[in-house]
Amino acid sequence: MAYINKLRRLQGFVAMPDGHRHIPRLHGVLNQIADDYSIDLIFAHERLSTHLLLRKNLRQLVARSDFVLCCTDGQDPDVAFEAGLAVGLQKPFVLVILPETQRLPATFMGHFYVELSGDTSDHERLRSAFESLVADLAGGDMAIAARGGGSVRLPRMGCAVGGSYS
């Protein structure tokens, strides 16, 4: 059984706010990086298009995933709910903080995060986040094989002080 699990590709669940201007570009970057690491991503808005599907399948999709990425601007209650579901199901998750984010729910504090700036540096920030996730989930072997090096630990979000997240 352990042999089968080692051959299975990692699977991540991605929660994103609908209609945010950075989402189309972010979607493409996430898919590109996931392909580099042989990770399958499930985007909530693609799989759960109706309320009935959401109610029926959301928990199952998150439970079957190896990790959760929550792309947030701090304003979307669906993303906050999906982050809460990840915590409740004890799934590793990373917050991807979108540019122009003003406030985040206090319950997001204490989790690993990557903060995007809306420019070309976002690609490397997200790549580093994936590398850290893969290293944690696969014991480091997959990340080292994919990138030829070690991973960088993501920072944990501290309490907001003076408009800052960390």
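Side notes on the structure shown:
- If only residues of region 1-51 that are among the aliphatic types (A, V, I, L, M) and open to solvent by 90 Å² or more (accessible area, probe 1.4 Å) are counted, the one that is modelled with the highest pLDDT is Leu7.
- Complete set of residues in region 63-121 that are touching a Gly at 6+ places or on another chain (Cβ under 9 Å) and polar (S, T, N, Q): Ser65, Thr101, Gln102, Thr107
- Taking region 62-108 as the range and being within 25 Å of His123 (Cβ to Cβ) and among the aliphatic types (A, V, I, L, M) as the test, the residues that pass are Val68, Leu69, Val79, Ala83, Ala86, Val94, Leu95, Val96, Ile97, Leu98, Leu104.
- Contacts under 8 angstrom Cβ, first residue in region 73-87 being open to solvent by 30 Å² or more (accessible area, probe 1.4 Å), partner in a helix (DSSP H, G or I) and among the small types (Gly, Ala, Ser), 6 or more apart: Asp78/Ala44
- Taking the criterion of being at pLDDT below 70, open to solvent by less than 70 Å² (accessible area, probe 1.4 Å) and assigned to a helix (DSSP H, G or I), the residues of region 116-161 that qualify are Met142, Ala143, Ala146.
- Enumeration of residues in region 90-111 that are under 18 Å from Ala15 (Cβ atoms), open to solvent by 40 Å² or more (accessible area, probe 1.4 Å) and not in a loop (DSSP other than H, G, I, E, B): Thr107
- Test for Arg55: is it modelled with pLDDT under 85 and either outside any strand (DSSP E or B) or not hydroxyl-bearing (Ser, Thr, Tyr) (or both): yes
- Picking from residues in region 63-84 that are modelled with pLDDT of 90 or more and not charged (D, E, K, R), the one that is nearest to Leu133 (Cα to Cα) is Phe67.
The values are calculated or read from the model by the stated rules, or taken from the named source; none is laboratory data. On a predicted model such as this, the values are computed, not experimentally measured, just so you know. Because the Cβ atoms are built from the backbone with ideal geometry, glycine has one as well, and the counts that use them run over all protein chains shown. Ligands, DNA and RNA are stripped out before the accessible areas are found, and what is left, the full protein with its side chains, is counted by its heavy atoms. Shrake-Rupley method; radii C 1.70, N 1.55, O 1.52, S 1.80 Å.
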